[in-house]
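Here's the structure, in structure tokens; my notes come after.
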Amino acid sequence: MREITKAQLTIGLLAFFATIWDVLISRSYPDMFYTIGIVVLQLILLLILAYVIIALLEWVKVFDLKTNAILTLLVLVTLKLLTILKIS
């Protein structure tokens with residue numbers, strides 16, 4: 001597996017586990033299937049966003065892969081936290 005693919009998957013999963021606690025702990029959805037659907041949808045969305053953002057940053061070639069991965073993780077977690085605060 002290529003290094004960029006490993007970074008994309010790792011950052012997507014890290015962002016998912018860093019932000020999923022809002023759904024699992026503080027939200028109380030009436031249906032278990034609805035909660036599972038939200039969790040799976042967020043996982044897919046964060047993986048896609050991590051893939052796209054790291055690919056764009058690698059295409060521009062401003063920073064190395066490690067810096068791009070850290071920037072992507074910060075962007076994804078901040079974006080998710082802003083959506084949580086806006087909804088609340």
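Within the stretch 32-45, residues that are closer than 13 Å to TRP21 by Cα sit with their Cβ atoms under 8 Å from residues that are open to solvent by 70 Å² or more (accessible area, probe 1.4 Å) and outside any helix (DSSP H, G or I), at 6+ positions apart or across chains, in these pairs: THR35/TYR29; ILE38/TYR29. The numbered conditions (1) in contact with a helix residue (DSSP H, G or I) (Cβ under 9 Å, 6 or more places away or on another chain); (2) in a helix (DSSP H, G or I) are all true for LEU85 except (1). Counting only residues that are open to solvent by less than 100 Å² (accessible area, probe 1.4 Å), in a helix (DSSP H, G or I) and closer than 16 Å to THR83 by Cβ, the stretch 1-22 holds 5 of them. You will find that of ILE54, ILE25, the residue that is in a helix (DSSP H, G or I), modelled with pLDDT of 85 or more and either loosely packed, with under 12 Cβ neighbours inside 10 Å or not polar (S, T, N, Q) (or both) is ILE54 and no other.
When ASP31, ASP64, ASP22 are screened for being among the charged types (D, E, K, R) and within 16 Å of the chain's Cα centre (by Cα), only ASP22 passes.
The values are calculated or read from the model by the stated rules, or taken from the named source; none is laboratory data. As the structure is a prediction and not an experimental result, all values here were calculated from the model. Cβ sites come from the backbone with ideal geometry, for glycine too, and all protein chains shown count toward neighbours. Heavy atoms of the whole protein, side chains included, go into the accessibility calculation; ligands, DNA and RNA do not. Shrake-Rupley method; radii C 1.70, N 1.55, O 1.52, S 1.80 Å.
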